[in-house]
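**Q** Following this message is one structure expressed as structure tokens.
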Amino acid sequence: MPQCTDDKDCNCNTECDGIIEREDIDGSCCDNLKCCKPCADTLQCTSRNGTCQASCEENENATDTACCNGLQCCEMPLCTDDTDCNCETKCDGVIEGEERAGSCCDNLKCCKPCTGVCGGNFTELIGSFSSTNYPCNYSINQDCFYSISVPVGYTITLTFTTFFLEGADFDFVDVCI
């Protein structure tokens, strides 16, 4: 069998597969065969469920990872937040709203279903809540009260990741201790 003369793994083929392997210029094979090596960046692309293509489709995201022979690594668009999210051109304001903290590639919007919970009691050490209809606009003429209690010795920390009021004099958030 023909052997490559360099010290790295190498397959001797008549042609290298440009999607998964490249020709090693420093390596050589006998009988005019080419020394073909796996493309490391291409393997990284496929391990992340990407495909190597000449150009990415509209619903794919071109990553920084390169592929053999100048091909692009194309991955499906994913929302960057940790909750369920649909990537769409625009969100239906009745049943879903645009998640302001989330993002999708190719200028698509991260759309999430609207919820209808107003107020509640929280006793867990870690938790989260959002206004009625979030990420859609909150409802009018509604007073929502959230009670948070933890055992003695613990501290409550409130972190607002998204905060928007209509600007009217009636809309406010009040934190009472």
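Since every read-out is calculated from the coordinates, none of them should be taken as a lab result. In this text, all values refer to a predicted model and were calculated from it rather than measured experimentally. As a convention, Cβ positions derive from the backbone with ideal geometry for all residues, glycine included, and neighbour counts pool all protein chains shown.
**Q** Give the longest segment of the chain that steers clear of GluC sites (Glu not before Pro) in DSSP loops with at most 13 neighbouring Cβ atoms within 10 Å, not counting the sites themselves. Kindly include the intermediate steps, with their values, before the conclusion.
**A** Numbers: sites that count: E15, E57, E58, E124, E166.
That would be 59-123.
**Q** Something else: Kirkwood Rh, the stretch 11-75, all Cα pairs: how many Å?
**A** Working: mean 1/r = 0.0815 Å⁻¹.
It is 12.3 Å.
**Q** OK, next. Which one, C176, C12, C110, is farthest towards the positive end of the dipole of the chain when Lys and Arg carry +1 and Asp and Glu -1 on their Cβ?
**A** Farthest along the dipole direction, towards plus: C176.
**Q** Below 8 Å, C-alpha to C-alpha, sequence gap of six or more: please give me the relative contact order for the stretch 11-75 in percent. List each step's numbers first, then the result.
**A** Numbers: 129 pairs, mean separation 20.3, N = 65.
Worked out over the stretch 11-75, it gives 31 percent.
**Q** Name the long-range amide H neighbours of E96: under 5 Å, sequence gap of 5 or more, or other chain; modelled H, no Pro or chain starts.
**A** Those lying under 5 Å, H to H, from E96 are C114.
**Q** Right, another one. Return the distance in nm (one decimal) between the two label points of a simple spin-label model at F172 and C30, each offset 7 Å from Cα along Cα→Cβ.
**A** 8.9
**Q** Give the longest segment of the chain that steers clear of chymotrypsin sites (Phe, Trp or Tyr not before Pro) in DSSP loops with at most 14 neighbouring Cβ atoms within 10 Å, not counting the sites themselves. Don't jump to the answer; show the numbers that get you there.
**A** Working: sites that count: F129, F145, Y154, F160, F163, F164, F170, F172.
Counting only loop sites that pass the neighbour cut-off, the longest clear stretch is 1-128.
**Q** Taking Cα pairs under 8 Å and at least six residues apart, what relative contact order does the stretch 79-167 come out at, in percent? All intermediate terms of the calculation are to be shown ahead of the outcome.
**A** Working: 129 pairs, mean separation 21.7, N = 89.
Relative contact order comes out at 24 percent.
**Q** While we're looking at this one, here's another question. With the crude spin-label approximation of a point 7 Å out along Cα→Cβ, what separation in nm comes out for E88 versus F129?
**A** Spacing of the two 7 Å Cα→Cβ label points: 2.8 nm.
**Q** How far, in nm, would the chain grow between N107 and N69 when pulled straight, counting 0.36 nm per residue and subtracting the alpha carbon separation? Numbers along the way, then the final one.
**A** On the way: separation 38, 0.36 × 38 = 13.68 nm, distance 2.78 nm.
Working it through step by step, the gained length comes to 10.9 nm.
**Q** Report the calculated FRET efficiency for N13 and T159 (r = Cβ-Cβ distance, R0 = 41 Å), to the nearest 0.05. Mind showing how you got there, number by number?
**A** Details: r = 56 Å, r/R0 = 1.37.
Given R0 = 41 Å and the Cβ-Cβ separation, E is 0.15.
**Q** Within the P(r) computed for the chain, what percentage of the Cα pairs occupies the region above 22 Å?
**A** Values: 10114 of 15576 pairs.
Result: 65 percent of Cα pairs exceed 22 Å.
**Q** So, one more: Plugging the Kirkwood radius over Cα pairs into Stokes-Einstein for the stretch 104-177, at a temperature of 20 °C and a viscosity of 1.002 mPa s, what D comes out in µm²/s?
**A** Details: Rh = 14.7 Å.
The estimated diffusion coefficient comes to 146 µm²/s.
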